[in-house]
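What follows is one structure encoded as structure tokens, with my remarks underneath.
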Ligand SMILES: [Zn+2]
């Protein structure tokens, strides 16, 4: 399949040119420069690499807007957890379909997830067609984790590397909800399986533990996607750059829950790998990574407008996120995954066309024309070809009644 006859942005560091992309078996066969006879003519549009959301809790779309104007502790412990306790497997499945609908509409091809009933998140990812790195959220109480690590292992053995789209890692929630012994065990398992972990790290100013100790417990040996890192100790930056350690920067969630601004410019200057995440819908409240990209840029420019050029922002949102997850995506090039998104250049905010890359970061709403994952359209011109939208809407209506009336 050849799609294009439109502008192509190969990656964050290049400039758009007129061309097309040939796709075969979910992989990019070649990128063609110049005018060609495309099977799918997308003139008037631009094809760019799809985005990768490195931190979310997908089923929390069901909890959007339920807990506003609260402290982090009240938000989590008195509001969110009481509703989460009532979520069934079926609810998690449809909540994850809804999350993917929203993400696909914003040009996202893959996401990192940490939640419970994760088996049903996996089923929803299988059915919708996105990429994902899935983890079961792990917490323990004096060594007893209620079988969570076993569940995570079961998930790993059943779903890891399915279709080349689903990967499974391990999800220690945070150093404040996991004992040291438990963390050591999780890091050991992850190292043995060569699987990544994702963890909430230094999200609030109250978190008080030693990063050096965490690394020694085994974290330094496993690929880590660390969400938030608002209060990550600055003296650790030089050490982290040499580790398989990726920060997932979640600017909206950090602001909305009053946790502050992560010093990502200093991290980037120290070559720490920084990616972008939305966090769950109860703390954001949307899954729009274009918005996060813009906010990430503006928050750093507050101190110095020369920080965070658009290439840096686009890299965080595309190839760096894909790399953190373990996918060869985020660049439109031969032998790379056919994960791309199409944006309509007739949108008023895309003028003048000479400065398109700047518009992508600082003007674009995030409402794309289409998103392709592994060579398949998961969103195209207002439609979701892989799912029965009417059925999803019916089920969501029932879920809303069960949860909120
Ligand atoms: Zn989170």
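The values are calculated or read from the model by the stated rules, or taken from the named source; none is laboratory data. Worth saying up front: this structure is predicted, and the values here are computed from it rather than measured. So basically every Cβ, Gly included, is an ideal-geometry build from the backbone, and we count neighbours across all protein chains shown.
Worth pointing out:
- Residue 181, sole failed condition from (1) assigned to a loop (DSSP other than H, G, I, E, B); (2) exposed (fewer than 13 other Cβ atoms within 10 Å of the Cβ): (1)
Conditions (1) within 19 Å of the chain's Cα centre (by Cα); (2) in the same structural domain as residue 27 (by TED's automatic domain parsing); (3) within 30 Å of residue 261 (Cβ to Cβ), marked per residue:
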| residue | (1), (2), (3) |
| --- | --- |
| 142 | no, no, no |
| 151 | no, no, no |
| 154 | no, no, no |
| 178 | no, no, yes |
| 184 | no, no, no |
| 197 | yes, no, yes |
| 201 | yes, no, yes |
| 206 | no, no, yes |
| 213 | no, no, yes |
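- None of 82, 43, 13 is under 23 Å from residue 95 (Cα atoms) and not in a strand (DSSP E or B) except 82.
- Residue list for the range 272-293, restricted to those being assigned to a helix (DSSP H, G or I), surrounded by 20 or more Cβ atoms within 10 Å (Cβ to Cβ) and more than 16 Å from the ligand (Cβ to nearest atom): 290, 293
- Taken over the range 4-15, the residue count meeting the criterion of being surrounded by 19 or more Cβ atoms within 10 Å (Cβ to Cβ) and at negative phi is 6.
- Subset of the range 237-271 [within 14 Å of the ligand (Cβ to nearest atom) and farther than 17 Å from residue 290 by Cα]: 247, 256, 257, 259, 262
- Test: residue 45 is away from the ligand (no atom under 16 Å from the Cβ), surrounded by 15 or more Cβ atoms within 10 Å (Cβ to Cβ), modelled with pLDDT of 95 or more and within 30 Å of residue 348 (Cβ to Cβ): yes
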